[in-house]
Amino acid sequence: MKKKIVSIMLLCALVCSAAACGDNKPAQSGSTTTTTAASEAPASAASAADITAAVLAEVPINSAKDKDKDKLPDYFDGLDLDSIEDHSFYVCGSGAYPDELGVFRFKDEDSAAAAKSAAEKRIKDQLNDWSDYRPDECYKLEDAVAENSGVWLFYIVTSDNAKAKEIVKGIIK
């Protein structure tokens, strides 16, 4: 009896996996049908969480901890929370590394530009703090990114800022 149950379960698993793989033909040359991955979604369709997830998949942050909107003033002086429509902000939860990643969508470009100043100040303050604590980690802050793209602000302090920026810019077009 046990063999029959196991056999049926295996058969079901096989059928399900075969069905999941069905009709995944590549687009033929000249075809207008394309599949868009989450990391290639147009900016209007991507959420801040989608963008940070794409970055963290390629450039992980040690013990990454997501921070809620109400915690942002602890990190960014002068940030207008009411102007933020969407955000995703991660820090190194252990505090052993300066790694941080933030993607913010604002109500308008002026709010995004004002927030960039807060992000630049954060980088400067962090560089000052980390130069005494862990100077070997300062390279992450020395080429950190605080950049606007329309209503978006992205803030990147990782082990590979260039790669993280490339991923974000590929999504926020």
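Before moving on, here are some points about what is shown:
- Cross-link pairs beyond the 25 Å C-alpha cut-off, checked among Lys65/Lys121; Lys71/Lys173; Lys65/Lys173: Lys71/Lys173; Lys65/Lys173
- Length-normalised contact order of region 41-171 in % [C-alpha pairs under 8 Å, at least 6 apart]: 28
- Gyration tensor verdict on region 44-145 (Cα atoms; rounded if a/c is under 1.5, prolate if a/b is larger than b/c, oblate otherwise): oblate
- For Phe154, Phe76, the sequence from fewest to most other C-beta atoms within 10 Å is Phe76, Phe154.
Any read-out appearing in this document is the output of simple, stated calculations on the displayed coordinates, not a laboratory observation. All of these numbers come straight from a predicted model, not from anything done at the bench. Heads up, the Cβs are rebuilt from the backbone with ideal geometry, glycines too, and the neighbour counts pull from every protein chain shown.
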